[in-house]
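Read the structure below first, then the notes.
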């Protein structure tokens, strides 16, 4: 294809990517370098029902508006937001490092910092749910593949249900079932013979429940992709393997999996990116006491009563983008290598 | 034939439920943005009665109102003409200069208003309050009697009563309070800290001042309460705790006045719970006399970026919506501040708070940041994962970082 027609063909998507992906990312990065102007404070008298009149310090609206109109972005803060206590907390981490007597003390000190608490759960979730959901999805795909033709439609539909349910609602359903009065919560209490058992009060149990939810909701995506891939696995090779006396497991290991490899890389890529943005189950599980994620921190910076912290949300977003890039670059590099070798 | 047409007319009158009231509005557009709970829905529906051929009335009841109000009122013309607010949500509207002084409109149309309904900032009326709210103590007198304790009036007595109820085997978890991490948990700290009489900030600045004896007392009391609360308490918000109470699973609870009516309604709560429930002011703490609960008001403001005609229409519609008849028609829906309102049984708690000198939720602009910081940082302490010193240090550090971002601290 000549270069000119290639560009004409690609131009619409390139423009869309520039407008809707590149520009917002740049704008978020710029925003993360700024904080609000110093607010001009004045003393005013405030009268409220029941509370009476009090002298209160408040913001001088006119003076602050003037500052804002002169420099709408706010005050340049450089990387100040990135290193403050609510993000990378460089100073606190340094202090902790020099003062902690043991590694355990250092880790528990880090978990006390909002950003690292969120990062720890995000990574934990991402690295556990991704392989678990892929393995479960692959297992379902293998099982569905041998179901009699008549049953396939209903079985496939049923297997896809977790993906069809809105994540917020799906997580809420599980949350209610796991409540100490819910069917699963009571079942667990009976099973472990501990009437005070609550999956929602302890951090480890909350993390496990979120992983269970994540695996449940993400498995159908892997399943449907792998199931489609299974239809393209060469029957001849499979039959040849059978004639050679390969067991079912050996056929999966040496024939099916290698031919699904490009799909495995694709699903891994998508799932890593998806799971790194874990958010809905934390809201539905009311789990922020025990588990928060980077996406949850962004939400918390914006969902406020009075001052939305745009700089803070932007900084967390940029850090999130950086982490996702670090996670997926090795996989992309591998795909590129395989493409060059002509194996994909 | 005549009978038939008469029947038809009355049928029409019945189906056309929106009652058209004469609100005296010539013309204009009334667009209301409000939070979503029963009392505000009543106010909005009553305002809608002012609709006529020349007047349109629309309303958006949403719990997300705080997140959209600033953007919606910054637009010119503003998306909404009326923004319903409370102590905390009026602050960003004032800060953005998005609402108009109402002195002229009050003089012209506000004869029904009582002086304590007017929210005045620097002498100018910026909002009109019409109902009060707040958290207060809810308890089952049958359980207290069975446990042989008097009705508690302080948190210390609540703990003693809870211990007695537990010891007698009446309930495993006698206490509930909305300790869900986030806004609810922070509100409980704010309530109890107000009860100590101390201030959150150093006078005249946004500098945090809770790292003191009172702050430690509040933290200690909050942790002690969790020993008597159902194990899921860090996930239980106001609605979840109210449901536990209605089901008879807990016997003493601090919760919102706006939920009180559902606790004594035998169709919503278990009949034996509804019958035995009594309301009282929020308990005091540390030997003080102030109920440990913030006083809240709900009211309305009128947008700045709208035509004077729409502002006038909106004010008149709201005057109709919060007329004495509304309070008379729905006495149990809220603790109305409207003149002529006779409080019902559900209003006892909030009124007791007000009479015992409870303090208003602070209206300073940086209070929101403190509230969010408390919501993020308190859970670790309440769960027992860290001590009070550490919790107060964490709260102070996180608040300072946020307040610096927002320009309140340097």
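The values are calculated or read from the model by the stated rules, or taken from the named source; none is laboratory data. Keep in mind that this is a model prediction, so the values were computed, not measured. Every residue, glycine as well, gets a Cβ built from its backbone with ideal geometry; the counts of neighbours run over all protein chains shown.
So the values come out like this:
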quantity	calculated
Check on residue B:374, surrounded by 21 or more Cβ atoms within 10 Å (Cβ to Cβ) and over 23 Å from residue B:214 (Cβ atoms)	no
All helices (runs of 4 or more DSSP H) inside the range A:130-240 with 2 or more residues being at pLDDT 95 or above and either over 25 Å from residue A:261 (Cβ atoms) or touching a helix residue (DSSP H, G or I) at 6+ places or on another chain (Cβ under 8 Å) (or both)	A:203-230
Any hit, the range A:34-57, residues being part of a helix (DSSP H, G or I) and not assigned by TED's automatic domain parsing to the domain that holds residue A:314	no
Condition broken by residue A:154, with the remaining ones in (1) surrounded by fewer than 13 Cβ atoms within 10 Å (Cβ to Cβ); (2) closer than 30 Å to residue A:324 by Cβ satisfied	(2)
Count - residues of the range B:183-196 that are crowded, with 23+ Cβ neighbours inside 10 Å and facing another protein chain (nearest Cβ under 9 Å)	1
Residue among A:172, A:230, A:160 that alone is within 25 Å of residue B:383 (Cα to Cα) and surrounded by 14 or more Cβ atoms within 10 Å (Cβ to Cβ)	A:172
The range B:198-222, subset more than 14 Å from chain A (Cβ to nearest Cβ) and over 14 Å from residue B:393 (Cα atoms), residue surrounded by the most Cβ atoms within 10 Å (Cβ to Cβ)	B:218
Which listed residue is surrounded by fewer than 24 Cβ atoms within 10 Å (Cβ to Cβ) and without any contact (Cβ under 8 Å) to a residue 24 or more places away in the chain, from B:123, B:110	B:123
Scope the range A:189-211; condition away from chain B (no Cβ under 14 Å) and closer than 16 Å to residue A:274 by Cα; matching residues	A:211
Residue in the range B:388-410 that is assigned to a helix (DSSP H, G or I), surrounded by fewer than 19 Cβ atoms within 10 Å (Cβ to Cβ) and away from chain A (no Cβ under 11 Å) present	yes
Every residue from the range A:286-323 that is more than 8 Å from every other protein chain (Cβ to nearest Cβ), part of a loop (DSSP other than H, G, I, E, B) and either within 23 Å of residue B:87 (Cα to Cα) or in contact with a strand residue (DSSP E or B) (Cβ under 6 Å, 6 or more places away or on another chain) (or both)	A:308
Residue match in the range B:171-181 (condition: over 24 Å from residue A:181 (Cβ atoms), touching a residue at least 24 places away in the same chain (Cβ under 8 Å) and more than 14 Å from chain A (Cβ to nearest Cβ))	no
Residue count for the range B:243-263, restricted to those that are outside any helix (DSSP H, G or I) and within 18 Å of the chain's Cα centre (by Cα)	4
Selection count, the range A:24-46, where residues are within 22 Å of the chain's Cα centre (by Cα) and farther than 13 Å from residue A:73 by Cα	3
Which listed residue, of B:293, B:269, B:240, is in a loop (DSSP other than H, G, I, E, B) and within 17 Å of the chain's Cα centre (by Cα)	B:293
Test: residue A:283 is modelled with pLDDT of 90 or more, more than 23 Å from residue A:322 (Cβ to Cβ), within 14 Å of chain B (Cβ to nearest Cβ) and surrounded by fewer than 21 Cβ atoms within 10 Å (Cβ to Cβ)	yes
Filter result (touching a helix residue (DSSP H, G or I) at 6+ places or on another chain (Cβ under 7 Å), farther than 20 Å from residue B:122 by Cβ and more than 7 Å from every other protein chain (Cβ to nearest Cβ)) within the range A:26-63	A:28, A:29, A:31, A:32, A:34
Sole exception among (1) in contact with a helix residue (DSSP H, G or I) (Cβ under 7 Å, 6 or more places away or on another chain); (2) surrounded by 24 or more Cβ atoms within 10 Å (Cβ to Cβ) for residue B:90, by number	(1)
Condition met for residue B:343 (part of a loop (DSSP other than H, G, I, E, B), facing chain A (nearest Cβ under 7 Å), touching a strand residue (DSSP E or B) at 6+ places or on another chain (Cβ under 8 Å) and at negative phi)	no
Restricting the range B:279-288 to residues that are assigned to a loop (DSSP other than H, G, I, E, B) and at pLDDT 95 or above, the residue that is farthest from the chain's Cα centre (by Cα)	B:285
Some residue of the range B:304-317 being within 13 Å of chain A (Cβ to nearest Cβ) and surrounded by fewer than 24 Cβ atoms within 10 Å (Cβ to Cβ)	yes
From the options B:185, B:217, residue that is farther than 30 Å from residue A:40 by Cα and more than 24 Å from the chain's Cα centre (by Cα)	B:217
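So that you can scan it fast, the table gives a plain yes or no per residue for (1) farther than 27 Å from residue B:333 by Cβ; (2) at pLDDT 95 or above; (3) assigned to a helix (DSSP H, G or I):
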position	(1), (2), (3)
B:9	yes, no, yes
B:26	yes, no, no
B:53	yes, no, no
B:84	no, yes, no
